Amino acid sequence: MPSRRRRREPSNEDTVAKKSRSQQPRREVPTEFNKKRCLAWFHEYTGPNEETLGPEGMEKFCEDIGVEPENIVMLALAYKLNAKNMGFFTLEEWMKGMTELQCDTIGKLQNRLDYLRAMLNDPVIFKNIYRFAFDFAREKDQRSMDTDTAKAMLSLVLGKNWPLFSYFHQFLEQAKYKVINKDQWCNILEFSRAIQPDLENYDEDGAWPVMLDEFVEWLKDNKLKDDSAMPS
């Protein structure tokens, strides 16, 4: 007998895709994915011979699919396309990513938006998207991300889910840091997940980057000032 091929273990993204398909009704009659149609769709946002979709085309693309450019679902889409530069999709990225998503029309991508949103709710996939965001948003001739960009990106990825985000944003506003490196970026996510908002489980001898130790000191000082200013 021929050997039985081992079944591939489903990934987190496979599971998310299956749940999304089962929970959401289709909004159009399904058709087979067509590469020529996908290519023609790309060129609706570029010149006929251009191989990069830029900011102007991106604005129209977002308008067509009904998503604001600053919406985090656009980051999830960029992750699926493995885009290298914020605000741009190359033809290669578009064709590879849309083929994987099986999207060659506006309607088909709109049907996949719930899947992209569901990816953001999966802790493992979200961690990958968060790490992707650092390289996606930084200037490519720099190894670190400037703090203005970092604040904007952190607001996008952590602003709604990290109770201490507003404090951390204020800390960066007054701190000496001009850039954030990738190790700091990754540890900010781990800190937001591991440390309680009241800092009860924060360990001064832990292996957090100096930036986060300084944030804790700053936060304790400022909370004490805020508390002392409150009427008894």
Exercise for review: Give just the number: which of (1) open to solvent by less than 40 Å² (accessible area, probe 1.4 Å); (2) touching a helix residue (DSSP H, G or I) at 6+ places or on another chain (Cβ under 7 Å) does Asn111 not satisfy?
Suggested key: (2)
**Study point:** Complete set of residues in the range 151-175 that are closer than 20 Å to Asn128 by Cβ and either polar (S, T, N, Q) or in a loop (DSSP other than H, G, I, E, B) (or both)
**Key:** Ser155, Gly159, Lys160, Asn161, Trp162
**Study point:** Near pairs, Cβ below 8 angstrom, 6+ apart or cross-chain, from the range 149-169 (touching a residue at least 12 places away in the same chain (Cβ under 8 Å)) to any residue that is of a type in the set (Lys, Arg) and surrounded by 16 or more Cβ atoms within 10 Å (Cβ to Cβ)
**Key:** Thr149/Arg138; His169/Lys151
Point to revise | Criterion: more than 19 Å from Trp94 (Cβ to Cβ), touching a Lys or Arg at 6+ places or on another chain (Cβ under 7 Å), modelled with pLDDT of 95 or more and not hydroxyl-bearing (Ser, Thr, Tyr) - qualifying residue of Met145, Met153 | key: Met145
Check your understanding: Within the range 39-49, which residues are at pLDDT 95 or above, part of a loop (DSSP other than H, G, I, E, B) and of a type outside the set (S, T, N, Q)?
Key -> His43, Glu44, Tyr45
Practice item. Select, from Lys80, Lys60, Lys36, the only residue that is at pLDDT 95 or above, among the charged types (D, E, K, R), assigned to a helix (DSSP H, G or I) and within 30 Å of Ile188 (Cβ to Cβ). Key: Lys80
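Taking the range 30-58 on its own, how many of its residues are open to solvent by 70 Å² or more (accessible area, probe 1.4 Å) and within 23 Å of Asp114 (Cβ to Cβ)?
Residues meeting the conditions: 4.
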Practice item. Take the residues in the range 198-218 that are farther than 18 Å from Leu158 by Cα and open to solvent by less than 50 Å² (accessible area, probe 1.4 Å), then tell me which one is modelled with the lowest pLDDT. Key: Gly206
Exercise for review: Would you check if there is a residue in the range 176-197 being at pLDDT 95 or above, in a loop (DSSP other than H, G, I, E, B) and either aliphatic (A, V, I, L, M) or buried (at least 19 other Cβ atoms within 10 Å of the Cβ) (or both)?
Suggested key: yes
Point to revise | Tabulated pairs, the range 171-195, first within 17 Å of Phe126 (Cβ to Cβ), second open to solvent by less than 20 Å² (accessible area, probe 1.4 Å) and hydroxyl-bearing (Ser, Thr, Tyr), C-beta under 7 angstrom, 6+ apart or interchain | key: Leu189/Tyr130
Review point. Taking into account only those residues within the range 83-96 that are open to solvent by 50 Å² or more (accessible area, probe 1.4 Å) and in a helix (DSSP H, G or I), which is farthest from Glu51 (Cα to Cα)?
Key: Lys96
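The values are calculated or read from the model by the stated rules, or taken from the named source; none is laboratory data. The model shown is predicted, which means the values in this text are computed figures rather than measured ones. Methodologically, a virtual Cβ is constructed for each residue, glycine included, from the backbone with ideal geometry; neighbour enumeration extends over all protein chains shown. SASA here: full protein model, heavy atoms, side chains in, ligands and nucleic acids out. Shrake-Rupley method; radii C 1.70, N 1.55, O 1.52, S 1.80 Å.
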